[in-house]
Every structure is written in C-alpha cells, then in structure tokens.
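Below: the structure, in structure tokens.
The values are calculated or read from the model by the stated rules, or taken from the named source; none is laboratory data. Quantities reported herein were computed from a predicted structural model and do not represent experimental measurements. With ideal geometry, Cβ positions are generated from the backbone for all residues, glycine too; neighbour counts draw on all protein chains shown.
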Amino acid sequence: MRNLELSGRALRLVGVCWVAAVGTVCGSNPEEPGDDDPQLAKDVYIEVQVAGGLAGADFSYAIDGSTGVVRGLACQQACDFDPGDILLHLSPVQIIELSELFRRAGIHDYAGRDFGTKCCDQFHYRIVYRDGDGESTVTGSSEALPDGLRLAVARLDLLVQGIAPIIIDFDSQPDAWPRDPLVLSDYSLSGHILHLAVEYGGGCEVHELDLVAWGGWLESFPVQVNVLLTHEGNDDPCDAVIHEDKHFDLTPLREAYGESYGVAASGSTALILRLTVPDGNGPRLITYNF
C-alpha cells in the first residue's frame with residue numbers, strides 16, 4: 001500500500017481551533033512547508049563521527065537516504081555495533097523530517113565551520129550533511145554547536161539506539177498514510193520513548209512504520225492528540241509472522257505542545273495520546289507525562 005499525500009511537517013502552532021466530537025481541536029499551519037516528495041529522501045546522506053565524552057566515545061554512523069537505513073560505519077569505543085551493521089530502517093518521511101531539522105538549523109550556512117570545544121567531557125561531532133543543495137561539513141562539541149544543530153544531532157544519536165522520531169503532521173488525516181494490517185501485541189511508555197510490539201505478515205520486503213501525530217490538539221482536559229502508527233508493507237508477497245519492536249521518541253510532540261500552550265514545570269503536564277493502529281480496533285489511550 002502506498003499513499004503519501006503528506007502536508008507540512010515540523011509545524012509551528014498558531015492556535016487554530018474547531019469543534020470535534022471529543023472537544024475543541026487546535027491545529028496549525030506550517031511555517032515553512034516542505035516538499036512532500038518521498039524521492040527527496042534519496043538525496044539525503046548524513047554521516048556523524050562521535051568522539052570524547054566521559055566514556056571516551058569513538059564511533060561513526062550514517063543515515064543513507066538512498067537505502068533508507070542507519071548504518072554503523074566504525075566502532076572503537078562506547079558503541080555496540082560492528083562496522084556495516086544496519087542499526088535502523090527509516091521511512092522516507094522520517095528521513096525528510098531529519099533532513100529538515102538540519103536545513104532549518106542552517107547547516108549549509110555553517111559549511112566548513114569548526115565551533116570548537118567548550119569542555120573536555122563533552123562529545124565532539126564531525127557532521128557531513130548532503131542533500132540536493134550540496135554537501136556541508138561542520139564540527140564542534142555538543143555544547144559549542146548552535147542550538148538547532150545540537151537538537152538535530154541529539155535526534156540522530158537516538159537512531160543509533162534504534163529510536164525513531166514521531167512525525168508531527170497536524171494538517172494530515174489518516175487516509176493520507178499507508179495502513180497495511182498489523183497487530184499491536186503490547187505497548188508501553190518510558191519517559192519520552194514509546195515502545196510498540198507489533199506483528200505483521202511478511203518476510204521478503206522491508207516494512208516501513210511511522211508514528212504520526214495528526215489532526216491537531218483535542219481541547220479536553222487533559223489535552224489529547226491523535227497518534228497513528230502507519231504501516232507500509234511494500235507489497236510484501238510473503239506471509240511469515242514477523243515480530244518487531246518499534247521505539248519512537250515523543251520529544252518533538254512535547255516541543256510542539258510547548259509552542260502551543262507554554263512550558264510548565266517538568267513532570268507537571270499530562271497529554272493523552274489516542275493511539276490507533278491499522279488493526280480495526282479503537283484507539284488506545286496512553287498518558288504521556290512531561
């Protein structure tokens with residue numbers, strides 16, 4: 001199943017609200033709408049070398065949009081993979097979202113910059129970023145990098161742990177996303193990471209799963225938001241039962257909430273996730289505290 005008629009991502013919320021069955025819905029318009037062509041993901045290549053820190057890290061990895069994988073390149077210390085290992089499969093939407101983080105951070109404006117080191121116990125990064133507009137290399141320690149680049153690199157570091165970002169696309173609806181059947185066998189929330197255990201038929205093709213927040217805020221108390229687990233099976237002809245654990249970082253959702261409602265004291269905010277999966281069942285309600 002393939003139907004990626006997507007609207008803008010990484011939205012800045014402007015308080016547009018309307019009435020829905022479960023309360024008032026507050027949505028948004030994209031500040032900088034991105035091009036939604038999934039083929040753009042194939043132009044993206046991001047290579048990160050990590051060194052230093054208290055553990056004396058020394059490893060590198062890459063996000064390759066042409067193959068849709070996060071791959072370990074070298075592992076000397078403070079890493080848990082062999083060179084060439086596939087650490088995570090990413091969908092085109094996830095790759096474009098990560099690419100937009102770097103573009104909004106001005107990666108091409110900083111081409112060739114070395115931001116130096118603020119302290120000896122920080123991670124030091126060398127970032128090689130390439131897309132359709134060219135290639136740029138930036139270096140610096142975690143606290144020396146500009147805020148936008150530091151955020152983007154933090155998102156990438158989670159990929160090495162098998163954690164993909166949630167996609168914020170409040171202008172979209174479920175029909176815009178692939179929804180091949182699957183079974184949600186278990187789920188749990190630990191901090192900002194949502195863990196989903198899924199089962200589906202396949203075995204011959206790579207299956208793409210995204211977690212998408214759609215439709216805007218539902219103005220109940222606490223505030224709710226619709227979250228869809230998408231599933232693109234890529235017309236897999238095989239029918240082996242595949243068990244897969246997926247992990248998603250909800251931090252972008254927390255940041256979007258803060259842009260709309262402001263930031264309260266840590267741990268004092270509750271957001272209800274209305275999680276739906278393509279299994280024909282109703283939403284699972286999950287409380288996300290931050």
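Just a few scattered comments:
- In the stretch 162-196, the residues that are surrounded by 19 or more Cβ atoms within 10 Å (Cβ to Cβ), closer than 14 Å to Asp279 by Cβ and among the hydrophobic types (A, V, I, L, M, F, W, C): Leu182, Leu196
- Just so you know, in the stretch 110-138 the residues that are in a strand (DSSP E or B) and either more than 23 Å from the chain's Cα centre (by Cα) or of a type in the set (Gly, Ala, Ser) (or both) include one that is nearest to Tyr61 (Cα to Cα), and it is Ser136.
- Here Leu159 meets the list (1) modelled with pLDDT under 95; (2) under 20 Å from the mean Cα position of the chain (by Cα) almost entirely, failing just condition (1).
- Considering Ser268, Ser185, the condition of being hydroxyl-bearing (Ser, Thr, Tyr), assigned to a loop (DSSP other than H, G, I, E, B) and either more than 15 Å from His89 (Cβ to Cβ) or at pLDDT 95 or above (or both) is satisfied by Ser268 alone.
- Considering each residue of the stretch 147-157 in turn, none proves to be surrounded by 21 or more Cβ atoms within 10 Å (Cβ to Cβ) and either without any contact (Cβ under 8 Å) to a residue 40 or more places away in the chain or touching an Asp or Glu at 6+ places or on another chain (Cβ under 6 Å) (or both).
- Checklist (1) in contact with a strand residue (DSSP E or B) (Cβ under 9 Å, 6 or more places away or on another chain); (2) in a helix (DSSP H, G or I) applied to Leu145, failing item: (2)
- The sole residue among Ser91, Ser142, Ser136 that is within 29 Å of Arg274 (Cβ to Cβ), buried (at least 17 other Cβ atoms within 10 Å of the Cβ) and among the small types (Gly, Ala, Ser) is Ser91.
- Of all positions in the stretch 159-166, at least one carries a residue that is over 24 Å from Gly282 (Cβ atoms) and assigned to a loop (DSSP other than H, G, I, E, B).
Every residue, every condition in (1) assigned by TED's automatic domain parsing to the domain that holds His192; (2) surrounded by fewer than 21 Cβ atoms within 10 Å (Cβ to Cβ); (3) touching a Lys or Arg at 6+ places or on another chain (Cβ under 9 Å), yes or no:
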{"position": "Ala213", "(1), (2), (3)": "yes, no, no"}
{"position": "Leu228", "(1), (2), (3)": "yes, no, yes"}
{"position": "Tyr261", "(1), (2), (3)": "yes, yes, no"}
{"position": "Arg284", "(1), (2), (3)": "yes, yes, yes"}
